[in-house]
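Heads up, the thing below is written out as structure tokens.
What follows is calculated from the coordinates using simple rules that are stated; it is not laboratory data. All values reported here derive from a predicted model rather than from experimental measurement. Every residue, glycine among them, receives a Cβ derived from its backbone with ideal geometry; neighbour counts consider all protein chains shown.
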Amino acid sequence: MDLSGSSALVTGGAGGFGAATTRRLVAAGAKVVIADLAEDKGKALADELGDAATFVPTDVTSDDSVDEAIAIAAGLAPLRTTVIVHGGPAAARRMVNRKGEAYPAEVFARTVDIFLTGTYRVMSKAAAAMTRNEPLEDNQRGVVISTASIAGFEGQVGQSDYSAAKGGVIGLTLTAARDLAPTGVRVMCIAPGTFFTPAYKMSEEDAQAKWGPGVPNPKRMGHADEYARLAQHIAENDYLNGTVIRIDGALRFNI
């Protein structure tokens, strides 16, 4: 799929993965809606990229908010690419603490709502908009790329809510691709390993020293642009569909 002359929606578009992906898609010729709640970062990125990028405050837990972002993207040009890479709470907490207390189900549900239900909300609504596009070669109308985590395969201690949510995103991928196949909309998922982003709230040098040696090869944390390059390739390669791609340097989480 040629991205030039189309629009793209990136949820979490002002964050580490999202900003790198936004820059890649703009460079490939797409008009991008940066859908995020981080207003200062979102506006700064949109100003940096000029007319090719638009910041739209977006809450992935709200139907109205997601509908607005999609409508704005579709108004710029045919919406053919959606990358779902928004973040959310990921505090480590054991299911039962040392006092024998379970952490509240409401906390678990909130994490699932953001990472899994939010992904479904954006995916389904974006796909519905894409079905109205004129078909390209091989009846292709667009692609939705979600973001899981290798924690969805090998959750670590304290990650029950996050791992469950990301495992749900993984499980959604093939079913959604099959559901949407008749419409010409593809669904793919990227499962990153340990990547350096501003979410670590420390210098990259310190983060690399702490977590980089645990990655088999290359022995470093991933860079956000490596995620973005993969997202762009998925968007442009029509034969990638229904698959979760790990990008993790062969890392497997251990207890």
Review point. In segment 1-158, with Lys and Arg counted as +1 and Asp and Glu as -1 at Cβ, which of these residues, A127, P89, T117, has the Cα nearest the positive end of the dipole, that is, farthest along it?
Key: P89
Review point. Among 155-168, 202-215, how do they line up from the highest to the lowest mean number of other beta-carbon atoms within 10 Å?
Key: 155-168, 202-215
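Quote the charge dipole size of the chain about the Cα centre in Debye, to the nearest 20; the model charges only the Cβ of Lys and Arg (+1) and of Asp and Glu (-1). Please report the intermediate quantities before stating the final value.
Values: 25 positive and 29 negative charges, 176 e Å.
So the magnitude is around 840 debye.
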Point to revise | R0 of 30 Å, Cβ-Cβ distance Y120-E205: FRET efficiency to nearest 0.05 | key: 0.20
Check your understanding: Given H placed on each backbone N at 1.01 Å, which residues far from F195 in sequence or on other chains put an amide H within less than 5 Å of it?
Key -> G222
Check your understanding: Using 7 Å Cα-to-Cβ label points, what is the Y103/D51 separation (nm, one decimal)?
Key -> 4.8
**Study point:** Cα centre as origin, Lys/Arg/Asp/Glu Cβ charges: segment 1-140 dipole, Debye
**Key:** 660
Exercise for review: Calculate how steeply helix 118-130 sits against the longest principal axis of the alpha-carbon atoms of the chain, using the helix alpha-carbon long axis, and give the answer as 0 to 90 degrees to the nearest 10.
Suggested key: 10
Check your understanding: Of all DSSP beta bridges located in the chain, what percent are antiparallel, nearest 5?
Key -> 5
**Study point:** Protection proxy ranking, peptides 185-196, 35-46, average beta carbon neighbours within 10 Å, highest first
**Key:** 185-196, 35-46
Check your understanding: To the nearest µm²/s, what D does Stokes-Einstein give for segment 154-245 at 37 °C and 0.692 mPa s, using the Kirkwood radius over alpha carbon pairs as Rh?
Key -> 216
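Please pull out the direction-averaged projected area of the chain, using the convex hull of its alpha-carbon atoms, in nm² to one decimal place.
Working: hull surface 54.2 nm².
Mean projected area of the Cα convex hull: 13.6 nm².
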Review point. Near K31, which lysines are there with a Cα under 22 Å away, not counting those fewer than 8 places off in the same chain?
Key: K41, K43, K125
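Magnitude of the Cβ-charge dipole of segment 1-72, K/R +1 and D/E -1, about the Cα centre, nearest 20 debye? Walk me through the numbers before you get to the answer.
Numbers: 5 positive and 12 negative charges, 83 e Å.
With Lys and Arg at +1 and Asp and Glu at -1, about 400 debye.
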Point to revise | Helix-only [θ]222 nm of the chain, DSSP H runs n ≥ 4, -39500 (n - 2.57) each, per residue, nearest 500 | key: -12500 deg cm²/dmol
Check your understanding: What angle do you read, to the nearest 10 degrees and between 0 and 90, between the alpha-carbon axis of helix 63-76 and the longest principal axis of the chain?
Key -> 40
